[in-house]
Amino acid sequence: MTIDIQSTVEAIPETALAWHVSGKGAILATVVDTWGSAPRRVGGQLVVSAEGEIEGSVSGGCVEGAVIFEAMDALETGKSKLLDYGVSDGDAFAVGLACGGRIRVLLEPVGPFLPAALLEELVSCRAKRRAVAYFVNVETGERGLAFEGYETRMRMDRSGFEEDGKTFVAVHNPPLRMAVVGGVHIAQALVPIAKIAGFDPIVIDPREGFGSPARFPGAQIINEWPDEALAELGKDHRTALVLLTHDPKLDDPALEFALKSDYFYIGALGSKRTHAQRVARFQENGFSEAEIARIHGPVGLNIGAATPSEIAVSILAEMVQNLRLGG
């Protein structure tokens, strides 16, 4: 089984490193601040090579031309730059921000200002699904990676300047994943809306009639027993698990694995009576009260959902609530 761990993430740092190693040269452009109608969020990135190749975006096209021009110049001089567009509506219109607003972009040539070894470490962390923050002082040029100290930013996926106004922190979280056990009707509604919300959905069902490309076009499908599939996916905190089979033979092994993991969300379909029976089984199997309390059952926020699609919405809402607010 092959698992694509970066399928929903822009591989800008990876591209920058590859271009640098190949001798093309590379400069990273990162959105470090926005105001008003700026079209890309803080942390958005663009990479430019000395040959004029580009990947990514810092403005959805609005100021790309101006940024690329400045980037090519910075590559020649080997100097970092902090660009500022849209201070006034007139200036904003001139560079393409027709609705006004402001955007600041940091240019960092790989090698002279952004050490290749630091970029390699960042790329390695991303490949291993290890959450990391890249920080840079835009005045002194001090930069590095941090694995703690920015917990709120990491949880909220919120890059930006610290209170000192000088230290920019770029959050590099692993892509969000949602493992769904059971290729049932609710899953058919949940998978596409979760993908729109930024999750990388994985359907797990050993029954090929349920977990099939015909039922889940374009989705990653694993036709293995849930606990075996989850063991290969790993236990990281950027994964949510949703159990929809309503069958203890499939759900319970997955739950046993999940309750020993760092998954940020574990939800299980079933009525209050079904969940009470589930709780009793896990108590008998030696799981603690705190471990069992991690299971959201019945799954989803109580919004009066009745149809499979409405239940899917309630599940996604509860997942996001747990991700951003904890619980």
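The values are calculated or read from the model by the stated rules, or taken from the named source; none is laboratory data. None of the values given here were measured: they were computed from a predicted structure. With ideal geometry, Cβ positions are generated from the backbone for all residues, glycine too; neighbour counts draw on all protein chains shown.
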For LEU255: the one exception among (1) in a helix (DSSP H, G or I); (2) under 22 Å from TRP225 (Cα atoms); (3) touching a Phe, Trp or Tyr at 6+ places or on another chain (Cβ under 9 Å); (4) modelled with pLDDT under 95
(4)
Considering each of ALA98, ALA127, ALA146 in turn, give the residue that is modelled with pLDDT under 95, over 17 Å from ILE12 (Cα atoms) and among the hydrophobic types (A, V, I, L, M, F, W, C).
ALA98
Failed condition for ALA317, given (1) hydrophobic (A, V, I, L, M, F, W, C); (2) under 30 Å from ALA131 (Cβ atoms); (3) in a loop (DSSP other than H, G, I, E, B)
(3)
What are the residues in the range 182-225 that are in contact with an Asp or Glu (Cβ under 9 Å, 6 or more places away or on another chain) and part of a helix (DSSP H, G or I), if any?
ALA187, ALA189, ALA194
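Please work out if ILE266 is part of a helix (DSSP H, G or I), in contact with a helix residue (DSSP H, G or I) (Cβ under 8 Å, 6 or more places away or on another chain), within 18 Å of THR239 (Cβ to Cβ) and β-branched (Val, Ile, Thr).
Working: part of a helix (DSSP H, G or I): no; in contact with a helix residue (DSSP H, G or I) (Cβ under 8 Å, 6 or more places away or on another chain): yes; within 18 Å of THR239 (Cβ to Cβ): yes; β-branched (Val, Ile, Thr): yes.
Judged against the criteria, ILE266 is not a match.
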Considering every residue within the range 270-291, establish whether at least one is within 30 Å of VAL171 (Cβ to Cβ), surrounded by 14 or more Cβ atoms within 10 Å (Cβ to Cβ) and either assigned by TED's automatic domain parsing to the domain that holds ARG126 or among the aliphatic types (A, V, I, L, M) (or both).
no
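Say we look at the range 279-295 and pick out the residues that are among the small types (Gly, Ala, Ser) and part of a helix (DSSP H, G or I); which of these is nearest to LYS260 (Cα to Cα)?
Within the range 279-295, the subset among the small types (Gly, Ala, Ser) is 280, 286, 288, 290, 293.
Filter once more, so that each one left must be part of a helix (DSSP H, G or I): 280, 290.
Numbers: ALA280: 18, ALA290: 11 Å.
Selected residue: ALA290.
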Given (1) out of contact with any Gly (no Cβ under 8 Å at 6 or more places or on another chain); (2) of a type in the set (Val, Ile, Thr); (3) in a helix (DSSP H, G or I), identify the lone condition not met by ILE311.
(1)
Is it the case, given these coordinates, that GLU163 is surrounded by fewer than 21 Cβ atoms within 10 Å (Cβ to Cβ) and closer than 30 Å to LEU114 by Cβ?
yes
Considering only the range 234-262, state which residues are within 29 Å of ARG130 (Cα to Cα), out of contact with any helix residue (DSSP H, G or I) (no Cβ under 9 Å at 6 or more places or on another chain) and free of Cβ contacts under 8 Å to residues at least 60 places away in the same chain.
ASP262
May I ask you to verify whether LEU106 is modelled with pLDDT of 65 or more and either part of a strand (DSSP E or B) or of a type in the set (Ser, Thr, Tyr) (or both)?
yes
Please specify each residue of the range 207-258 satisfying the condition of being within 25 Å of GLN277 (Cα to Cα), in contact with a Gly (Cβ under 9 Å, 6 or more places away or on another chain) and charged (D, E, K, R).
ARG207, ASP247, ASP251
